[in-house]
Amino acid sequence: MAHPPVFNATEDRAQSGNPLGAAREAPMRLAAQVEEELASKLRERATSTPEFWSFSGRSRREAGHGIFAYPAMMVPQLQGALLEDVKAVDPAVASVIDPFMGSGTVMLESASRGLSFSGTDINPLAVLLATVKSQVHDSEQLTRVRQRIALRVTEDTSDEIEVEFHNRDKWFRADVTRDLSKLKRAISAERSKAMRQAFWVAMAETIRLVSNSRTSTVKLHSYSVDEIDARQIDTIGTFLRISASLIEQLRDQAETLSRGFRKNPNLRISCSVGDARNMPAKKNRAAADILMTSPPYGDNVTTVTYGQHSYLPLQWIDCSDVPGMRQELLENTRSIDSLSLGGKLKGALTWADELRDKSPAFAHCLEQLQAHPRNAQLRFVGFVHDLDQSLDAITAQLRSNAWMFWTLGERKISGVRVPTVAIVRDLLAFRGSRHVETLERKIPGGSKRMAFRNASVETMNTESILVMRGPSYTDLDSRS
Ligand SMILES: C[S@@+](CC[C@H](N)C(=O)[O-])C[C@H]1O[C@@H](n2cnc3c(N)ncnc32)[C@H](O)[C@@H]1O
């Protein structure tokens, strides 16, 4: 169990009477000043432009941010503005981590500003997207490869089917399966891994559009048989259109990344598969200056099924080109989601007491859920336990006094609103972090796309950005 560091807040020190306190008072007061400076900068944005943080009508996914419709993506411009503001008050910041990286929105925003980035996600498709977005591609080469792929597909007269998995024929019409097989052969024939990876992303987006699963929901949800028969699907044409737009996006993205490399020739970017609960601790200078992330809203099964959304594309992409891909992740449509935060509920209630001690907001919400079915309590406690566990691993990646930006959404379980923002704030404060500011934003167009909505699973059409400052470590702990 994590314990709050000793003497890490000004008040603690003043009250403790410990001699270390007097010696550290000046730097700590300075820290408080910088925190207030950032808080007022963030508030000012909304003073001059009301609803600034909603980014309504100002949110665009360009320069590589739109290469795949990954669920619940962040607003790039918003994260960019936060990075600008923190750089303004603390110009020494040089590195960012995102342990729930998704499609790599924070990666591109950080790298374009010359900030080194290290990100992980449990979903290999997310890591493939972020990897492609983190590379500088030569757009002429991409164009040549696209032409070669098109030619190979045209000349391919084979009817051989390249993939076999449970319910394949439920999710793909026979003509679509045949065309996707041709595309798979054509992409696999490319020699450069970076090129194959870029075109696998175009193939993933194609699969999202040509499969028998509706695009209106993140969860796999099949069209009716009549609808499937009536659909006009041009698989190869869709791929060619998407890959042309991918090349456009990657051209802009190469420019964006090159800007970052010009600002910082030592820029490092790393995107890998990993579980936020088990990240190895960083030592000394490897520790990051900024955490910028957006964890899931709740357990993936009842909120956003990131894994299920990736299940069909991952069946078709060559495993060896997807970072961290393992065949067991495709055992069934729930495999990735059950490994994600809140995915395992067995025995979850045994964690309740420990969490009550750490978070009054958690204790209050669990009290409200007592009147509801046991499953509602399990889902709540299971998710908060996993999130809490990830905080140990995440804070161990950060330097002393690191900046944290948590984009958080809240949901309802059995009609009870889960106060995720207050819970994360409590759990971080327990570890010695200080609150800097909380920004609220409306999600333009309603709530983010959820797995499904019903009376017991509902999410809000607002989200918050919780800004905290990580613990300041004492000399007893050498992280600096
Ligand atoms: C809200 S999304 C992040 C979206 C991202 N900010 C973007 O703009 O694309 C949350 C991510 O957390 C990932 N995730 C869930 N459980 C995880 C875990 N235990 N470790 C790492 N990533 C996890 C999901 O796969 C998903 O990609």
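Filtered by the rule that a residue be among the β-branched types (Val, Ile, Thr), at pLDDT below 85 and open to solvent by less than 30 Å² (accessible area, probe 1.4 Å), the range 293-318 gives THR302, THR303, VAL304, THR305. Close Cβ contacts (under 7 Å, 6 or more residues apart or on different chains) running from residues in the range 259-283 that are more than 25 Å from ASP388 (Cβ to Cβ) and hydrophobic (A, V, I, L, M, F, W, C) to residues that are away from the ligand (no atom under 16 Å from the Cβ) and open to solvent by 40 Å² or more (accessible area, probe 1.4 Å) comprise LEU267/PHE261. For the range 80-104, the set of residues classified as at pLDDT 95 or above and polar (S, T, N, Q) consists of SER95 only. Scan the range 222-244 for residues that are within 17 Å of SER139 (Cα to Cα) and without any contact (Cβ under 8 Å) to a residue 12 or more places away in the chain and the total you get is 1. Among the residues of the range 306-342, those identified as more than 10 Å from the ligand (Cβ to nearest atom) and outside any helix (DSSP H, G or I) are ILE317, ASP318, VAL322, PRO323, GLY324, MET325, ARG326, GLU331, ASN332, THR333, ARG334. Only one entry of GLY114, GLY80 meets the criterion of being outside any loop (DSSP other than H, G, I, E, B), in the same structural domain as ARG399 (by TED's automatic domain parsing) and surrounded by fewer than 24 Cβ atoms within 10 Å (Cβ to Cβ), and that entry is GLY80. Within the range 125-134, is there a residue that is away from the ligand (no atom under 16 Å from the Cβ) and modelled with pLDDT of 95 or more? No, the range 125-134 has no match at all. In the range 100-110, the condition of being crowded, with 23+ Cβ neighbours inside 10 Å, touching a Ser or Thr at 6+ places or on another chain (Cβ under 7 Å), closer than 17 Å to ALA288 by Cα and hydroxyl-bearing (Ser, Thr, Tyr) is met by no residue. Kindly check whether there is at least one residue in the range 240-256 that is assigned to a helix (DSSP H, G or I), within 16 Å of the ligand (Cβ to nearest atom) and open to solvent by 60 Å² or more (accessible area, probe 1.4 Å). No, there is no match, as no residue in the range 240-256 is assigned to a helix (DSSP H, G or I), within 16 Å of the ligand (Cβ to nearest atom) and open to solvent by 60 Å² or more (accessible area, probe 1.4 Å). Please state which one of ILE236, ILE290, ILE269 is over 30 Å from ASN375 (Cα atoms), within 16 Å of the ligand (Cβ to nearest atom), at pLDDT 95 or above and open to solvent by 30 Å² or more (accessible area, probe 1.4 Å). On inspection, the qualifying residue turns out to be ILE269. What about VAL218, is it farther than 17 Å from PHE68 by Cα and touching a residue at least 60 places away in the same chain (Cβ under 8 Å)? For VAL218, the condition - farther than 17 Å from PHE68 by Cα and touching a residue at least 60 places away in the same chain (Cβ under 8 Å) - is not met. Just checking, does the range 338-361 include any residue being open to solvent by less than 30 Å² (accessible area, probe 1.4 Å), assigned by TED's automatic domain parsing to the domain that holds ILE122, within 27 Å of VAL273 (Cα to Cα) and touching a residue at least 60 places away in the same chain (Cβ under 8 Å)? For the range 338-361, residues open to solvent by less than 30 Å² (accessible area, probe 1.4 Å), assigned by TED's automatic domain parsing to the domain that holds ILE122, within 27 Å of VAL273 (Cα to Cα) and touching a residue at least 60 places away in the same chain (Cβ under 8 Å): present. Of the residues examined, PRO71 is one that is within 21 Å of TRP316 (Cα to Cα) and either open to solvent by 10 Å² or more (accessible area, probe 1.4 Å) or in the same structural domain as GLY298 (by TED's automatic domain parsing) (or both).
Evaluating ALA376 against the criteria (1) over 28 Å from ALA288 (Cβ atoms); (2) assigned to a helix (DSSP H, G or I); (3) without any contact (Cβ under 8 Å) to a residue 60 or more places away in the chain; (4) hydrophobic (A, V, I, L, M, F, W, C) leaves one unmet condition, (3). On inspection, VAL225 passes the criterion of being surrounded by fewer than 18 Cβ atoms within 10 Å (Cβ to Cβ) and aliphatic (A, V, I, L, M). Is it the case that GLY119 is in contact with a Gly (Cβ under 8 Å, 6 or more places away or on another chain) and more than 16 Å from the ligand (Cβ to nearest atom)? So GLY119 fails the test.
Yes or no, residue by residue, for (1) over 13 Å from the mean Cα position of the chain (by Cα); (2) within 13 Å of PHE405 (Cβ to Cβ):
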{"site": "ASP85", "(1), (2)": "yes, yes"}
{"site": "VAL96", "(1), (2)": "yes, yes"}
{"site": "GLY104", "(1), (2)": "no, no"}
{"site": "LEU108", "(1), (2)": "no, no"}
{"site": "LEU115", "(1), (2)": "yes, yes"}
{"site": "VAL136", "(1), (2)": "yes, no"}
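Applying the criterion of being in contact (Cβ under 8 Å) with a residue 24 or more places away in the chain and outside any loop (DSSP other than H, G, I, E, B) to the residues of the range 362-373, the residue that is surrounded by the fewest Cβ atoms within 10 Å (Cβ to Cβ) is HIS364.
Applying the condition of being outside any strand (DSSP E or B) and surrounded by 20 or more Cβ atoms within 10 Å (Cβ to Cβ) to the range 399-420 and asking which residue is nearest to the chain's Cα centre (by Cα) yields THR420. Of all residues in the range 168-221, those being open to solvent by less than 30 Å² (accessible area, probe 1.4 Å), in contact with a strand residue (DSSP E or B) (Cβ under 9 Å, 6 or more places away or on another chain) and not in a loop (DSSP other than H, G, I, E, B) number 2.
The values are calculated or read from the model by the stated rules, or taken from the named source; none is laboratory data. Note that this is a predicted model, so its numbers are computed, not measured. Don't worry about glycine lacking a Cβ; one is built from the backbone with ideal geometry, like all the others, and counts go over all protein chains shown. The area values use the complete protein model at the heavy-atom level, side chains included, leaving out ligands, DNA and RNA. Shrake-Rupley method; radii C 1.70, N 1.55, O 1.52, S 1.80 Å.
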